[in-house]
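Trainee: Just passing along the structure, written as structure tokens.
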Amino acid sequence: MVRRSMSFDNDSLEIDPFAPVLRGQDSVLKRCWYKKRPTILKIYNTDMQSYFNEIEGLCSLVIKIKSEFIVELIGVERCKEIRILFEYCDMGTFDQFIPSCSEAFRIKILKDVIKALKIIHNVNIIAGELQPSKIFITSVDITKTSNCKLSIYGRHKRLDLKKMTLSEIQRSLVYRAPEVLTNISLSRQSDVFSFGILMYETFSKQLPYTHDDGSFSVEDMMRITQEAALTRKPKLNGIIWETITQCCKYEPSERISLDKVNEALEEQERLATNYGEACGVQREIIDTDIFKIINKYLMVLQQWTDMENFNIIYNSSVDGLNGKLISSKMMEHKNLMVIIQTKEGHVFGSYYGGFINRIRDISFNVEDDSQKYHFAFSLINPHKTAPINVKKRKEYRVAFRFNGQTNEVISVPSFFFIFSDATSYISTSFNVAYEHVSEYGFDLFCEGQDYSSPYRVGFNLMTLYVIEWTPKC
């Protein structure tokens, strides 16, 4: 049985009904609220009971760790199944950032992972496979002490050819040291090897043993039982490549120490490109322009909101156009700005500075009763005006609307409507509801594509963002 000190209070646990359930090889993940704190509940399959002693032993070590570099374990229990509760990091995992984040950000994440490894190694925990999907991003401001947290709540999985896809098997094999592939136990040195593979993928944006055409070489991969078969990619410069090869030596005793790896990263850091202002470092997950735009108009946005720093909590290019997800991410937050970017490059949106309570209803309005927290705005428009913000007239109070009974993602009545199939509209009643001061009316915001309805005008949505603003650090 689980020790009482490791258990959690089930009465304080609330499953989020709007969040998608993620299914892994041996468990499911459910997003929850625990004492009003966002969390993840990992529920192992019933056929995993034989591994519970192994899992409990790991948790008994991890629960003592309180570090900004490790995903916090809140509790573990065994009832009908094995359940582990840990903190939720809503910015996503490193694999979503690798395709195009700045070099400075890549280096900072790797240095944070080294700190996490040192912490767990000190209590005799081995990470196993240091895949980017186990690294949770917590901030894009590289001036902060920590930008990510390492998750160590999964067991070292045996390859299951029935449950795993070919790409999952390939990825898992690549991140395992040669001695692990030959059934020798995990060690700190095997983590160093895995870290070398993480460095390879971080800087080359490819797995090792991947040809230029994207195909994967199984033959090259299997050669690591005899020799290090990594092939240098053009994006891997001298310092980085030499460090990777030192990490991935065939003999564990010949591998470089984590301290030496950190020194190499610090040397490369002095040469790295670093973009960004305020508390936002430019990252290019899907679209590179949004951070440039926010930083270009940062002083204007700071003046409008009376806030200092920003953080993207929702990106439709990553999260999809999902009304339930966007509402769940916005609830229990405040100072939220919805930013819409069109395919023509126009940028506009809506801001609400009040607190959005958690509501169980699938459809609800967020109302600005005081008439002081909400405004609409345009940053870039077809008429090339200066940035402008306008407030609603006092008889119109709805700042945001969520309608879970339809495929509507989010709307601001009398302003804009966005649907899950990317169909999007500007309301022609904008001039009535808002104290508008320009000569363009509802045509201010973007190039209209469909004027067939007298009530709304269609536009070409590219990306929908939700930005959370915070006061000065």
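Laboratory data are not the source of any read-out in this text; all were calculated from the coordinates shown. Please read these numbers as outputs of a predicted model, since none were measured by experiment.
Trainee: Convert each backbone phi in region 246-258 into a coupling constant with the Karplus relation 6.51 cos²θ - 1.76 cosθ + 1.60 (shift: θ = phi - 60°), then list the ³J(HN,Hα) values in order as whole Hz, x for Gly and Pro.
Mentor: 6, 5, 9, 4, 5, 7, x, 5, 8, 6, 5, 7, 5
Trainee: In addition: Which cross-chain or sequence-distant (5 or more) residues have an amide H under 5 Å from the amide H of residue 308, H modelled 1.01 Å from N in plane?
Mentor: Here the answer is 470, 472, since their amide H atoms fall under 5 Å of that of residue 308.
Trainee: Restricting things to Cα coordinates, could you compute the convex hull volume per residue of region 4-87 in Å³?
Mentor: Working: hull volume 9.2 nm³, N = 84.
Dividing the Cα hull volume of region 4-87 by its residue count gives 110 Å³.
Trainee: Hey, can you grab everything whose amide H is under 5 Å from the amide H of residue 333? Only 5+ residues off in sequence or another chain; H modelled, so Pro and N-termini drop out.
Mentor: 356
Trainee: Just to be sure I understand the curve: with the Debye formula and one point per C-alpha of region 289-470, what is log10 I(q)/I(0) at q = 0.08, 0.13, 0.14, 0.20 Å⁻¹?
Mentor: -0.21, -0.60, -0.70, -1.68
Trainee: Among the listed pairs 35/324; 334/394; 36/108, which have their C-alpha atoms separated by more than 24 angstrom in this model? Before the final figure, lay out the partial values.
Mentor: Details: 35/324 21 Å; 334/394 21 Å; 36/108 31 Å.
Long pairs (Cα-Cα over 24 Å): 36/108.
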